[in-house]
1. Since Gln57 meets every condition but one in (1) of a type in the set (S, T, N, Q); (2) at pLDDT 75 or above; (3) not in a helix (DSSP H, G or I), which condition does it not meet?
2. Conditions: (1) among the basic types (Lys, Arg); (2) at pLDDT 85 or above; (3) closer than 30 Å to Ala112 by Cβ. Lys179 meets all but one. Number of the miss?
3. Cβ-Cβ below 7 Å, separation at least six or inter-chain, first residue in region 383-405 and among the polar types (S, T, N, Q), second in a loop (DSSP other than H, G, I, E, B) and at pLDDT 95 or above: which pairs?
4. Could you tell me how many of the residues in region 410-438 are in contact with a helix residue (DSSP H, G or I) (Cβ under 9 Å, 6 or more places away or on another chain) and modelled with pLDDT of 90 or more?
5. Out of Met438, Met386, I need the residue that is buried (at least 18 other Cβ atoms within 10 Å of the Cβ), within 24 Å of Ser311 (Cα to Cα) and not β-branched (Val, Ile, Thr). Which one?
6. Could you check region 356-368 and list, in sequence order, the residues that are surrounded by fewer than 20 Cβ atoms within 10 Å (Cβ to Cβ) and assigned to a strand (DSSP E or B)?
7. Tally time: how many residues in region 306-318 are surrounded by 11 or more Cβ atoms within 10 Å (Cβ to Cβ) and either assigned by TED's automatic domain parsing to the domain that holds Glu440 or among the polar types (S, T, N, Q) (or both)?
8. Give the residues of region 309-325 that are part of a helix (DSSP H, G or I) and either closer than 22 Å to Arg452 by Cα or basic (Lys, Arg) (or both), sorted by residue number.
Amino acid sequence: MKKHIFLILAVIFSTAIVGYAQPQNDKSKLEQERKNLQAELKEVQAQYDKVKSQTKQSLGQLSILKRKIDLQEQYLSNINKEIKNIDDDIYLSNIEIYRLQRQVDTLKTQYAKTVVYAYKNRSNYDYLNFIFSAASFNDALKRIGYLKSYQTYREKQVNTILQTQDLIARRKKQQLGRKEEKNLALQNQTKQVKELEEQKKEKDVVVSGLKSQEKDLKRQIDIKKKRDRDLVSNINKIVQKEIADARKAAAERIAAEKKAAEKKAADEKKNNATTVVTTNPTTTAPTKPEVIVEKKETLPATTRPNVVFNSDAELKLSASFEGNRGRLPWPVDNGFVKIHFGAYAIEGTLLKGDNPGLTLGTSTGSTVKSVFDGEVVGVFNLGDGMAVTIKHGKYFTTYSNLTGVSVSKGSSVRTGQAIGKAGRDDEGGGGQIDFILMIEARNVNPEGWLRR
């Protein structure tokens, strides 16, 4: 009987702990996600406040509004998940409360039976008769122990009922708290839906303004396309030269290793040569010289990685750069993506383009920084601004539309080191740079490499 009591208690409290811990974990995760979204929304709003004062609509405004709407939708999704979790928790709480109430009813029924039995057998004579009717002294001791256990069992029944009732009361209190949280979440949801609608209306106004400026935008896009072609052409020349130099250095290194291996083999052959000693030189025929077939020296595959930049320093830097994917700092503080990597179209117009990197909006004159350690392999002029290319092993980053460049070709740079200032954008409303990332001669999207 005691085992049954302990089992009931264990089931009650373990169920309560498990049922409560999971919603708490989900709640903490959602709260952290919501804080991150709020912080980013605040940052995006600050960026938008800087550009929305312009007299005419711009690509920067449209880009920031799109990002803001995207974050707002994520924020709403977070709230919806929270409401769903609360509803699930309330539903599970109702089931648990119902189950616990059934257990209390069962325990009360069992306890009532023991009370009735005790009442019917309340006479001291009955207890004494039960003890003294034992067949032996040991049997009498066992009966006394049984009576004590029975009394303890009844006390535990009472405690179990009280503890279960207390658990029911606490779960009901928690349920009331969750219902209050749901009401607050619903109020916040209504507020955020309204804000999202206002942002979409604001975006429509910007799109309409851009549509009316299509001729001017076409001129800007054409200028950007030409600048991008010149930029990519210059970068390719720099990268191809670095690749050629790396291949030459690798060939020289392999040749030197092969020569060293051949010299080592020759030295070993010389040291291991044996002298033939004859006892009768006048009668012994001259020996035939031994023919040695020289084996071709093959360097281990590990000394020839299947990459162009395969010196120890370049391999180490490449691995370090790659290991920081998604954690690289932005080249400008408080920057935002104005035009994303790859093919793009301007909403509300027929204008299209293909961006070789990220076009980042910022304040005019903002400090532009290297995103990682490396060596400056190119500094060149594009007519309306300077560009800097930095090599990080087999990775290359280029920062374009700079003024006041503070580094020179051949110099080493560290992560976060200033390399120049951001020039003005084509719309005359702020600063802008183009950021390009290449893996050897292959152009890739930098967005996934930068820390958000």
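1. (2)
2. If we test Lys179 against (1) among the basic types (Lys, Arg); (2) at pLDDT 85 or above; (3) closer than 30 Å to Ala112 by Cβ, just (3) comes out false.
3. Matching pairs, first to second residue: Thr397/Val371.
4. Here is the first cut: in region 410-438, the residues in contact with a helix residue (DSSP H, G or I) (Cβ under 9 Å, 6 or more places away or on another chain) are 425-427, 429-430, 432, 434, 436-438.
Next, only the ones that are modelled with pLDDT of 90 or more stay: 432, 434, 436-438.
Matching residues across region 410-438 total 5.
5. Values: Met386 fails: within 24 Å of Ser311 (Cα to Cα).
It is Met438.
6. Thr367
7. Taking region 306-318 and keeping what is surrounded by 11 or more Cβ atoms within 10 Å (Cβ to Cβ), we get 307-311, 314-318.
The next check asks that each one be either assigned by TED's automatic domain parsing to the domain that holds Glu440 or among the polar types (S, T, N, Q) (or both); those that pass are 310-311, 318.
Counting residues in region 306-318 that are surrounded by 11 or more Cβ atoms within 10 Å (Cβ to Cβ) and either assigned by TED's automatic domain parsing to the domain that holds Glu440 or among the polar types (S, T, N, Q) (or both) gives 3.
8. Lys316, Ser318, Ala319, Ser320, Phe321, Glu322, Gly323
The values are calculated or read from the model by the stated rules, or taken from the named source; none is laboratory data. All figures in this text were calculated on a predicted structure; none of them were measured in a lab. Cβ sites come from the backbone with ideal geometry, for glycine too, and all protein chains shown count toward neighbours.
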